[in-house]
2 protein chains.
Amino acid sequence: MEKPLILVTNDDGITAPGIRNLVEFMNEIGEVIVVAPNSPQSGKGHAITINSTLSYEEVHLDGPQRDFSCSGTPVDCVKMALDKILPRRPDIVVSGINHGANSSINVIYSGTMSAAVEGGVEGLPSIGFSLLDFSWEADFTQAKEYIQRIVKKVIENPMPKGVVLNVNIPKLTKEEIKGVKICKQANAKWEESFDERINPHGKKYYWLTGYFNNMDESEDADETALANGYISIVPVKFDLTAYEYMNELNEIMKFDKTS
Amino acid sequence: MEKPLILVTNDDGITAPGIRNLVEFMNEIGEVIVVAPNSPQSGKGHAITINSTLSYEEVHLDGPQRDFSCSGTPVDCVKMALDKILPRRPDIVVSGINHGANSSINVIYSGTMSAAVEGGVEGLPSIGFSLLDFSWEADFTQAKEYIQRIVKKVIENPMPKGVVLNVNIPKLTKEEIKGVKICKQANAKWEESFDERINPHGKKYYWLTGYFNNMDESEDADETALANGYISIVPVKFDLTAYEYMNELNEIMKFDKTS
């Protein structure tokens, strides 16, 4: 079989240690082309660039892969890669490894996961990887074998259309990681608080901060699996329809002509 | 009953005709506070501002409502409103009216819908409204009664936690609009193409363009309802777990120790 073509992207920027580790791991599996943002794009969600222009250029970094640095968001990178850069459709899109968790509700804010979702929208097998360690010096190698195995499994076992994987890795050593668990997205949210400051001109400004509030202790929630030392894998879909609520809503939205 | 407190936001910016129309419609239903971006934020998806600061200021526009102009994304506006600006938790969050469709897959790129989703994450009834007309001079009044009725229905009939509404309005006159339809998100995607230009310094740059490819002709898809002259209402959830694929994935990801 021909070597699989692997598109690698992320949201922390093309030089982030997380993506450089992922590129190394993927070079052992297939032919790698990197198309990643030229600057950090954390928290960009599924943003795309409509009202300004985009550009990219090839850069030369260590390793056999080719690297392209793109001015846009993670989703822009995937679109640009597919339309302008890749010689053919890739066999898989992998995004990350993110510096920090994208478990539970973080999936909707995450540029890492949005790039993977965009791969899915394009009909490609796609996976986002995140490590529960925000540090720039995080050790991404502990989960190397798991990451490689997950990627190979997905290449060998085509996922249904409309599903991508959200993989989160606990901050543990190889020996401490207990294995992988298929999970649901935990019911959790960020409790915001805005840190108020005064600028030199006397005007207030704010930093968005907050703490993560996990309201879900169920066995099969990703937060639970991670807390118990497992790598969590959540199958994520982008048909957001709440099918189970359609009938009731139908009743509610029957307008009385006389009302 | 006390007048409901209505938080209004959007992604086209606080002065866009779409939001000014929505504010007018909502003033007839409750007490309105607007917290909206100070500049256009189309296509920002669920972006939040992590690596820079935020600020807001009250502005004085026509009408009895209060208006706050915020430097962030639509999602930032909702967070800021809830944590810093509103006197109490609102009874409902309404976002829009967007200049242009947010039907089918557009829900994941849309700042309008991401603001509504953020309201849902915060446990509030939330609705995003969009009109299928990109023009700044679009006529938002044709659907006024429908919009007011939908908002009232949602205030009167609490939705389940984790569900928000994505409402799209065809570009038709009041007489031509056939009614509302509860729909699923149509299976559709954008076929990208990048429009290539050369800058004055000889370097290539690109505009993201493309055409919308609807692959879903089913009766209950939002694109179908809109094409047939109905206002589409899709119940949208932000638990993205593909539950129906968890068992199969569990089988696939059982790693053979000897592999």
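The values are calculated or read from the model by the stated rules, or taken from the named source; none is laboratory data. From a predicted model like this one, the values you see are computed outputs, not experimental measurements. Don't worry about glycine lacking a Cβ; one is built from the backbone with ideal geometry, like all the others, and counts go over all protein chains shown.
Below, the figures for the structure above:
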{"quantity": "Failed condition for B:T173, given (1) at pLDDT below 95; (2) out of contact with any strand residue (DSSP E or B) (no Cβ under 8 Å at 6 or more places or on another chain)", "calculated": "(1)"}
{"quantity": "Selected residue [within 8 Å of chain A (Cβ to nearest Cβ), touching a residue at least 40 places away in the same chain (Cβ under 8 Å), out of contact with any Phe, Trp or Tyr (no Cβ under 6 Å at 6 or more places or on another chain) and of a type in the set (D, E, K, R)] from B:E137, B:E122", "calculated": "B:E122"}
{"quantity": "Enumeration of residues in segment A:102-116 that are assigned to a helix (DSSP H, G or I) and either under 19 Å from B:G123 (Cα atoms) or among the acidic types (D, E) (or both)", "calculated": "A:S104, A:I105, A:N106, A:V107, A:I108"}
{"quantity": "Residues within segment A:27-81 that are of a type in the set (A, V, I, L, M, F, W, C), facing chain B (nearest Cβ under 9 Å) and part of a strand (DSSP E or B), tallied", "calculated": "1"}
{"quantity": "A:N187 being facing chain B (nearest Cβ under 9 Å) and in contact (Cβ under 8 Å) with a residue 12 or more places away in the chain", "calculated": "yes"}
{"quantity": "Unique match (being touching a Gly at 6+ places or on another chain (Cβ under 7 Å) and either in contact (Cβ under 8 Å) with a residue 12 or more places away in the chain or buried (at least 21 other Cβ atoms within 10 Å of the Cβ) (or both)) among A:S55, A:S71, A:S39", "calculated": "A:S39"}
{"quantity": "Residues located in segment A:223-249, provided they are farther than 27 Å from B:K184 by Cα and in contact (Cβ under 8 Å) with a residue 60 or more places away in the chain", "calculated": "A:E223, A:L226, A:Y230, A:I231, A:S232"}
{"quantity": "Total residues in segment A:84-109, condition touching a Gly at 6+ places or on another chain (Cβ under 7 Å) and within 14 Å of chain B (Cβ to nearest Cβ)", "calculated": "5"}
{"quantity": "Segment B:173-184 residues that are more than 9 Å from every other protein chain (Cβ to nearest Cβ) and touching a residue at least 40 places away in the same chain (Cβ under 8 Å), paired with ones that are of a type in the set (A, V, I, L, M) and surrounded by 13 or more Cβ atoms within 10 Å (Cβ to Cβ) (beta carbon under 6 Å, 6 or more apart)", "calculated": "none"}
{"quantity": "Enumeration of residues in segment B:223-257 that are under 20 Å from B:V164 (Cβ atoms) and either among the hydrophobic types (A, V, I, L, M, F, W, C) or more than 9 Å from chain A (Cβ to nearest Cβ) (or both)", "calculated": "B:E223, B:A225, B:L226, B:Y230, B:I231, B:S232, B:I233, B:V234, B:V236, B:F238, B:L240, B:A242"}
{"quantity": "Any strands (runs of 3 or more DSSP E) falling wholly within segment B:148-259 and containing at least 3 residues that are within 19 Å of the chain's Cα centre (by Cα)", "calculated": "B:163-169, B:179-182, B:188-198, B:230-237"}
{"quantity": "Any chance B:I147 is touching a helix residue (DSSP H, G or I) at 6+ places or on another chain (Cβ under 8 Å) and more than 8 Å from chain A (Cβ to nearest Cβ)", "calculated": "yes"}
{"quantity": "Test: residue in segment A:54-72 that is among the aromatic types (F, W, Y) and farther than 30 Å from B:F134 by Cβ", "calculated": "yes"}
